[in-house]
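One structure is given here, and the rest of the page talks about it.
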Amino acid sequence: MLSGRREPLFNRMPGVVVLMTALIVAVSSVQLLSQSGIFFDPALANWMFDAGAIAGGPEFEGVYRPLGNFAPLVLHVFLHGGIFHLAMNMMALVAFGPPVAVALGIDMKGAFAFLLFFAGCAIAGALFQIGWSNFTGQSELAIGASSALSGFLPAIGWLRGGLKGAVRTSMPWVLINVAIAVVGEFLASIIGIRLAWAAHIGGVAGGLVLFPLMLAVFNVRLWRLVKRIQ
């Protein structure tokens, strides 16, 4: 345990977390209001999905992406399936974001590292989701910040117990998503949507690999402490 650093790591609310939360809420609100036809033309929501949603499977091969094929790998975190979906993800960001942000640094360099880590986990999650859709031949769209947020679980685990801590912290979420994959069709018939379990597992994998690298670059002193508890 990093007992000497635990309180400041886990009790601060860095500005980059507040900024990221506000930005996601703002963009998702525009998307949801557009979908409902309130204040914004529904065509705007369609454009946002074209530009930002993860799309995998044969139905979406060669589909037009207004901002290019790379943009959805990151931009999907700004889109959500409803108020509840958005609220759940933002609560997770506020809960798990501060220790990760503080560990990477509370200055501008640290804020950049946090955004880079967030984007890296989102990309990993998106690639897993697209890869699974293409492998199974099942065309699916996926949106939401949970791909990136899944990577925060192993990050917090790294801080608390090195690699073993990262695996231990991540395993319950991984097992939940494996269960979702097994009962996916049944669950979809109940709640009306499929949960992007592959994106969650991809996000976990991204966080497991990326976070120690980010610490080694942006907070060498803390990385040395983490290595001692492995």
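Every number here is computed from the coordinates shown, using simple stated rules; none is lab data. Remember, predicted model here, so these are calculated numbers, not experimental data. When we count neighbours, we look across all protein chains shown, and the Cβ atoms used for this are built from the backbone with ideal geometry, even at glycine.
Between the helical axis of 42-52 and the longest alpha-carbon principal axis of the chain there is an angle of about 50 degrees.
In terms of other Cβ atoms within 10 Å, D107, D50 run from fewest to most in the order D107, D50. Among (1) 12.7; (2) 15.0; (3) 12.0, find the value of mean projected area of the Cα convex hull in nm² that was calculated from the structure presented, and write down its label. Read-out from the structure maps to (1).
Axis of helix 83-104 versus longest Cα principal axis of the chain: the two differ by about 30°, to the nearest ten degrees. Computed per residue of the chain from DSSP H runs no shorter than four, each worth -39500 (n - 2.57), the mean residue ellipticity at 222 nm is -24000 deg cm²/dmol. Restricting the GluC sites (Glu not before Pro) of region 50-141 to loop positions (DSSP other than H, G, I, E, B) with no more than 11 neighbouring Cβ atoms within 10 Å leaves E61. For W223, W197, the sequence from fewest to most other C-beta atoms within 10 Å is W223, W197. If you run the Gaussian network model on the chain, springs between alpha carbon atoms under 10 Å, then out of L163, L19, L210 the most flexible one is L19.
Note on L33/L115: beta-carbon distance plugged into 1/(1 + (r/R0)^6) with R0 of 25 Å gives a FRET efficiency of 0.45.
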